[in-house]
Amino acid sequence: MSANQWIEVCLFDDLEVNWGEAALIDGHQYAIFRMHDDQVFAADHQDPKSGSLVIARGITGEKAGERTVTSPLYKEVYSLETGECVSGADFSLPVYPVKVENGKVYLSTIRK
């Protein structure tokens, strides 16, 4: 596996709490989430079940101590930490490493 190459996505303060934003990077759409405790997560913006670009519009939350996003279409719940579907469906959501430095959010396009 190659080393992470960090890409600046946005300013941390541009992200609303408990809300997702879509980011287009090199032709790929990512969903970036800022949680209530200011942790930031990134996942594919594409819904694994429908293929629609909607994940950033999902509902953020927690299930069994893991940060989650619920797909706005079919309501599958995905861990933002592992990408696993924690609501029982046989899908997974690609998730990506994120870091915040000096007020800026960076994303690695190498999947977790």
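Going by neighbour counts of Cβ atoms within 10 Å, the residues D44, D37, D14 line up, fewest first, as D37, D14, D44. Counting alpha carbon pairs within less than 8 Å and at least 6 residues apart, what relative contact order, in whole percent, applies to the chain? Across the chain, relative contact order equals 25 percent.
Shown in residue order for segment 27-36 are the 3J(HN,Hα) couplings computed by the Karplus curve 6.51 cos²θ - 1.76 cosθ + 1.60 at θ = phi - 60°: x, 10, 9, 10, 10, 10, 10, 10, 8, 4 Hz (x for Gly and Pro). Placing +1 on each Lys and Arg Cβ and -1 on each Asp and Glu Cβ, with no other charges, gives segment 16-61 a dipole about its Cα centre of roughly 180 debye.
Taking 28 Å as the straight-line reach from the Cα of K104, the lysines in range (excluding those fewer than 8 positions away in the same chain) are K63, K112.
Summing Cβ point charges (Lys, Arg +1; Asp, Glu -1) relative to the Cα centre of segment 6-108 gives a dipole of roughly 200 debye. Couplings for segment 59-64, taken from phi via the Karplus curve 6.51 cos²θ - 1.76 cosθ + 1.60 with θ = phi - 60°, read 8, 7, x, 9, 9, 6 Hz in order; Gly and Pro are left as x. In this rough spin-label picture, where each label sits 7 Å from Cα along the Cβ direction, the E101-W6 distance is 0.3 nm. As a rough footprinting exposure proxy, the listed residues E76, E66 were ranked by other beta carbons within 10 Å of their own, and the order from fewest upward is E66, E76. Here the 3J(HN,Hα) profile of segment 42-49, calculated from phi with Karplus coefficients 6.51, -1.76 and 1.60 at θ = phi - 60°, is 9, 8, 4, 7, 7, 5, x, 7 Hz, Gly and Pro shown as x. Among V105, H45, V17, flag the residue with its Cα farthest along the positive direction of the charge dipole of the chain, charges on Cβ as +1 for Lys/Arg and -1 for Asp/Glu. It is H45. The GluC sites (Glu not before Pro) of segment 4-54 that DSSP puts in a loop, and whose beta carbon has at most 12 other beta carbons within 10 Å, are E16.
In plain terms, the chain from S92 to K112 could stretch by 6.0 nm, reckoned as 0.36 nm per residue minus the Cα-Cα distance. Among the listed values (i) 2, 11, 21, 23, 21, 15, 6, 1, 0; (ii) 2, 12, 21, 24, 18, 11, 6, 3, 2, 1, 0, 0; (iii) 2, 13, 25, 26, 19, 10, 3, 0, the one matching P(r) over Cα pairs in 5 Å bins from 0, in percent as calculated from this structure is (iii). Listed by Cβ neighbour count within 10 Å, with the fewest neighbours leading, R34, R111 appear as R111, R34.
Quick note: the coordinates plus some simple rules give every number you see, no bench work behind them. Every value quoted in this text rests on a predicted model; they were computed, and no experiment measured them. Positions of Cβ are backbone-derived with ideal geometry, glycine not excepted, and every protein chain shown enters the neighbour counts.
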